[in-house]
Amino acid sequence: MKKLVTLFLVLLLCQQVFAQQSIETRLGYSYNDDFDFSDEWQYLSTDLYLFNGSKFNRVLHELETGSNKEKKRYREQLEYLFITAQLKNVKLFGNDEVIYPLYNFYITKDNNATSTQVSDNIEVVRIIDKMPLTSAQNSIDAGINAKAVTNDEGDQVFSLVANQLVNLSKLTTPTGAVMSLVGEFGNLLSTRTRKKEYKFSSTIRLYEGQNFDTRLHSVKIYVFVPGGIKSVNIKSVKLTDYLSKNPNGLNRKQLEEMIGYRDYPYIVVANYKSLYKMDVLTGDEVTLELVEKRKQKVQSAYEAKLVNDETYRQEKLYVEFLRVFAEMKQNLNTYRLNYRNNSPEGNAKNLFAIIQEYKRLKSTFDAREQEFVEDNTTYQNIFRHEYQAILDNADLYLEADHNLKNGKVLVNTLRELENNQKAWDTPEKREASLAKLYAVELPRAEFLSSSVEGEAIIRLIAKLEDLQYREVFVKDVQKLSELPATDETVNQRNVLQDKATASKCQNCRDKVRDVISDYNKRYDTYKLKQALKQKDELNQLADQVVLKFLKRQLCIESNLQVVASANQGLDLYMTRMIEKTKELANIIKALDELNKKEPEADKLSKVQGYNSRLQYLMKEVEDTFNIIYTQDKTLCDCNDV
């Protein structure tokens, strides 16, 4: 392309340089909207409205005659009325300023009267659409120039085109906007050679494929007058009110009515600023592949100077935030698969990975909030809402089941504990926090300790439990360790045990369990001594019972023999009484045998079981004898009864 442009330039530069007649532009009105355009309003659009086109004839006439002066004779004949625009403080392509043509009207002369036909019925000409601006470009202005070109000095048009093409040829990577402007220069030359009217028609669009919020930034009115007219008078009250009430766009007819100027032709230059709008994503759309595409798109836009430095920085940071979210979603999918396959270990690890990414999301957002305070409007007005939307999606995903819900609670608890010491300054608060931290079934400690988030969980739990033990349990533990293990102190053991059971402090429970285990050993020793003492007492008592009821048994048997002899045989009643007497004899025998045995003296349960059996048999002996006595006192008519 550069070779073609250069060849074209050589031909153009062979033309003459021309002189111009003195058509000048006067700034008749200037308006700047009161809206506070922060840095994220970083795109410029410029609309032009040409009014009073027919009044160019007056301008041309006064160029030749002068205002209130004798007519000035020209050797050359006026041939074209050439109007150009240049945006000040704006570099469209590279470092060279670009002047581009707006109109080129052919001038005719009839009966010594100069005139031109100007079509000013076009609604609006947008010469630039959403051109990126730097943060420093808060002031936007357009220079409008009109030139009356004579027939033998018309090569200035060629010179202008040549200079601009030279500037454009310096670009190593011409864009579509560059090519459209080259096309405009071609159209200008084509209409000039055919003596046709030229109007700028190729809007320079540098950023497409986006929706933008756009509002009016400033308006200037330039009036085309002969050089002798030093000032113009445009009433501003109605116009200013109209502009302030229509920041989103102007209507040509209403604009003309509000201006109400009829003397000379004029151009209204309306500048709009547009708010950068990022690509909005829903949580379901975010994948690692999409994040990578977005990163490349932002990088390409920045290299093409379509976004400013601050927006580029914010986009890069947001892309990294999206990457964390995409990784969390990926772990969620794996978690669901493992959950269906009933893999507890896999579930625990995937759940922890989800917790990690969710915590990173939260921490990243916190960091952005701290770094980009209210004076960073790009973050506050554009990006902050999108961060929050992704976080809301993450919260929603973690409502899918109780494990995920508990994982979200765990992260929020961790964050609160890390950032606010008052969140765990009482035993009740610590218990509540530990309940939330232990609500999730996490991987083993050695797995957790291999990550920053896992190490933080372990460290924080240890800190809470150490403080809880020292404030709630240590005194009771020490006291119980020093108490003698007796029936009088066992209630204190039970109270401590109940307290530990109700606590979520695992370290506290472990230490309480240890001291209770030690107490129980001492208590068992105490109870064994008691049981052995009781055994000795029961042995003596059982020996007495055996002798006492053995004697009664013999008495009853003797009486039964007497009754049987008198009745010359046994009836059914007497048979039953004999059976009961044998039962009594068997119980006495069992008691006597048990009393002669020795249990394992070093085992409390064995001794206690032995004692219980002795007590049971002694009671059985008495109960069985009482049944016989109740039924027939005569059978029990013994001296000791």
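Anything in the range 617-641 that is assigned to a loop (DSSP other than H, G, I, E, B) and either touching a strand residue (DSSP E or B) at 6+ places or on another chain (Cβ under 6 Å) or open to solvent by less than 90 Å² (accessible area, probe 1.4 Å) (or both)? List them, or say none. Across the range 617-641, the qualifying residues are Asp632, Leu635, Cys636, Cys638, Asp640, Val641.
Is it fair to say Leu410 is surrounded by 14 or more Cβ atoms within 10 Å (Cβ to Cβ) and assigned to a helix (DSSP H, G or I)? It is true that Leu410 is surrounded by 14 or more Cβ atoms within 10 Å (Cβ to Cβ) and assigned to a helix (DSSP H, G or I).
Quick check on my filter: what residues within the range 490-522 are surrounded by fewer than 19 Cβ atoms within 10 Å (Cβ to Cβ) and touching a Phe, Trp or Tyr at 6+ places or on another chain (Cβ under 7 Å)?
The answer is Val490, Asn507, Lys511.
The residues in the range 474-489 that are over 29 Å from Trp424 (Cα atoms), touching a Phe, Trp or Tyr at 6+ places or on another chain (Cβ under 9 Å) and open to solvent by 50 Å² or more (accessible area, probe 1.4 Å) can be counted, and the count is 2. Under the condition of being within 21 Å of Val324 (Cβ to Cβ) and not in a helix (DSSP H, G or I), the residues counted in the range 345-375 number 1. Within the range 190-201, identify whether any single residue is among the β-branched types (Val, Ile, Thr) and modelled with pLDDT under 65, and answer yes or no. For the range 190-201, residues among the β-branched types (Val, Ile, Thr) and modelled with pLDDT under 65: present. Just one residue in the set Leu614, Leu594, Leu584 is outside any loop (DSSP other than H, G, I, E, B), touching a residue at least 12 places away in the same chain (Cβ under 8 Å), open to solvent by 20 Å² or more (accessible area, probe 1.4 Å) and of a type in the set (A, V, I, L, M); that residue is Leu594. With the condition kept exactly as written, say whether any residue in the range 472-479 is over 30 Å from Asn520 (Cβ atoms) and assigned to a helix (DSSP H, G or I). Checking the range 472-479: not a single residue is over 30 Å from Asn520 (Cβ atoms) and assigned to a helix (DSSP H, G or I).
Which one of Gln468, Gln497 is touching a residue at least 40 places away in the same chain (Cβ under 8 Å), closer than 29 Å to Val515 by Cβ and not hydrophobic (A, V, I, L, M, F, W, C)?
Gln468
In the range 542-558, the residue that is surrounded by the most Cβ atoms within 10 Å (Cβ to Cβ) out of those that are free of Cβ contacts under 8 Å to residues at least 12 places away in the same chain and under 20 Å from Arg576 (Cβ atoms) is Leu554. For the range 278-309, name all the residues that are hydrophobic (A, V, I, L, M, F, W, C), open to solvent by less than 70 Å² (accessible area, probe 1.4 Å) and closer than 26 Å to Asp39 by Cα. Met278, Leu281, Val291, Val298, Ala301, Ala304, Leu306, Val307, listed by residue number. Please tell me if Leu538 is at pLDDT below 90 and either out of contact with any His (no Cβ under 8 Å at 6 or more places or on another chain) or part of a helix (DSSP H, G or I) (or both). No: the conditions fail for Leu538. Restricting attention to the range 481-528 and to residues that are among the acidic types (Asp, Glu) and assigned to a helix (DSSP H, G or I), the residue that is farthest from Ala432 (Cα to Cα) turns out to be Asp524.
Going through (1) within 17 Å of Lys504 (Cβ to Cβ); (2) assigned to a loop (DSSP other than H, G, I, E, B); (3) under 20 Å from the mean Cα position of the chain (by Cα) one by one, Ala439 falls short only on (3).
I'd like to check something: does the range 555-570 contain any residue that is in a helix (DSSP H, G or I) and closer than 30 Å to Lys475 by Cβ? No - not one qualifying residue is present in the range 555-570. Name every residue in the range 310-338 that is over 24 Å from Lys277 (Cβ atoms) and either surrounded by 18 or more Cβ atoms within 10 Å (Cβ to Cβ) or touching a helix residue (DSSP H, G or I) at 6+ places or on another chain (Cβ under 6 Å) (or both), in order of residue number. Listed by number, the residues that qualify are Glu327, Met328, Lys329, Asn331, Leu332, Thr334, Tyr335, Asn338. Residue selection: Ala394 fails the criterion of being part of a helix (DSSP H, G or I) and without any contact (Cβ under 8 Å) to a residue 12 or more places away in the chain.
If I filter the range 362-382 for residues that are within 22 Å of Ala439 (Cα to Cα) and in contact (Cβ under 8 Å) with a residue 60 or more places away in the chain, do I get at least one hit? Scanning the range 362-382, I find no residue that is within 22 Å of Ala439 (Cα to Cα) and in contact (Cβ under 8 Å) with a residue 60 or more places away in the chain, so the answer is no. The set of residues in the range 221-266 that are open to solvent by 60 Å² or more (accessible area, probe 1.4 Å), under 13 Å from Ser30 (Cα atoms) and in a loop (DSSP other than H, G, I, E, B) comprises Asn233, Lys235. Of all residues being of a type outside the set (Gly, Ala, Ser), assigned to a helix (DSSP H, G or I) and under 20 Å from Val125 (Cβ atoms) in the range 24-58, which is most open to solvent (accessible area, probe 1.4 Å)? Just the residue, please. The selected residue is Lys55.
The values are calculated or read from the model by the stated rules, or taken from the named source; none is laboratory data. Being a predicted model, the structure only gives us computed values, none of them experimental. Methodologically, a virtual Cβ is constructed for each residue, glycine included, from the backbone with ideal geometry; neighbour enumeration extends over all protein chains shown. Note: areas computed on protein heavy atoms with side chains; ligands, DNA, RNA excluded. Shrake-Rupley method; radii C 1.70, N 1.55, O 1.52, S 1.80 Å.
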